[in-house]
Amino acid sequence: MTSQNYLYPDALIIIFAREPIPGQVKTRLIPALGKEGAANLYKRLLDYAVQNVSSANLAPANLCITPESCKQYFTQINSSSSFEFSEQVGEDLGSRMHNALASGLKKFSKIILIGTDCPFLSKDDLQQAIEALDSNDMVFSPARDGGYVLVGASKLTPGLFENIDWGTERVMEQSRKNLHRYGFSWHELSIQFDIDDENDFKYLLEHNEFKEIYSEFKLK
C-alpha cells in the first residue's frame, strides 16, 4: 500500500504494544481472568487495534513495541497490513510517548498515538483526531478513569509529559496543566472507556462487536 492511497498521507498513527506474555500484560485483570486469560484478552485487543487502524486506511501506521518484545511475533500478526515497526524508548510512559511522537514528527506533520486498552475507538474518532490537529497543537481522547486513550500532536516541547502520575486518575488533569504552562492549544474528543480491570470488563458488553470477546473470557 503506497502513501497516495491514504486519506491523510501527512499523518502517522502509532500503536503502542507489547508481546502478550502471560503474567506481563493486563496484570490488573489477572485476579479475574488468570495469567493466560489476561494475556489472551490482550492479544484479542491488540489484534483488533491493528485491524481497526489498517482497515480505516486513514494514514500510514506504526507498531511501536517494547524492547523486550519479539519482533517475529509482531511480524506474524502484522502480515496482512503494511505497518512499520519501531521500538519504545524511555524510562517511563511519558518519555516513551514523547520520544515516539517526536520521532514521528520528523517525517510527518501530524501524529496520533493510541494503545490497545480501548477497542471503542472508531475510524471516525481517528479521523476527528487527525483533523483536529489542523488547528490545534495536540488532541486527546480522555478516558473515564482520568487518563486518556489517544494523544496526538502537531508539535511538541520537552517537559510536556513530565510531572504526571501515570496510571492514576490525575493524568488528564495534570496534562491539561502542562498544556496551559507551555501555551499549547488542544482539542478533546469524546470520553472513552478503557479495559484495565474487572470493573472495566463489563463495558465490552455495551458494544455488539465486542460481545464475542466478552463471552470468550469467564471471570473467576
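The values are calculated or read from the model by the stated rules, or taken from the named source; none is laboratory data. Here the structure is a predicted model, which means the values were calculated and not measured. Positions of Cβ are generated from backbone atoms using ideal geometry, with glycine treated the same way; all protein chains shown enter the neighbour counts.
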Could you tell me whether region 102-117 includes any residue that is under 16 Å from Glu162 (Cβ atoms) and out of contact with any helix residue (DSSP H, G or I) (no Cβ under 6 Å at 6 or more places or on another chain)?
-> yes
What number of residues within region 184-199 satisfy the criterion of being more than 16 Å from Ala49 (Cβ to Cβ) and either out of contact with any strand residue (DSSP E or B) (no Cβ under 9 Å at 6 or more places or on another chain) or not in a loop (DSSP other than H, G, I, E, B) (or both)?
-> 6
The residue from Lys155, Lys107, Lys123, Lys177 that alone is basic (Lys, Arg) and under 25 Å from Glu206 (Cβ atoms) is Lys123
Output for Cβ contacts, cut-off 6 Å, separation at least six or different chains, first residue within 13 Å of Asp117 (Cβ to Cβ) in region 5-20, second surrounded by fewer than 20 Cβ atoms within 10 Å (Cβ to Cβ) and among the β-branched types (Val, Ile, Thr), reads Arg18/Thr66
Helices (runs of 4 or more DSSP H) fully within region 90-183 counting 2 or more residues that are more than 17 Å from Ala11 (Cα to Cα) = 93-105, 171-181
Enumerate the pairs (first residue in region 132-154 and in contact (Cβ under 8 Å) with a residue 60 or more places away in the chain and at negative phi; second residue anywhere and among the small types (Gly, Ala, Ser) and crowded, with 20+ Cβ neighbours inside 10 Å) with beta-carbon separation below 7 Å, excluding pairs fewer than 6 apart on the same chain, so at least 6 apart or on different chains.
-> Leu133/Gly152; Leu133/Ser154
Checking Phe74 against (1) at pLDDT below 90; (2) within 30 Å of Lys155 (Cβ to Cβ); (3) in a loop (DSSP other than H, G, I, E, B); (4) of a type outside the set (Asp, Glu), which test does it fail?
-> (3)
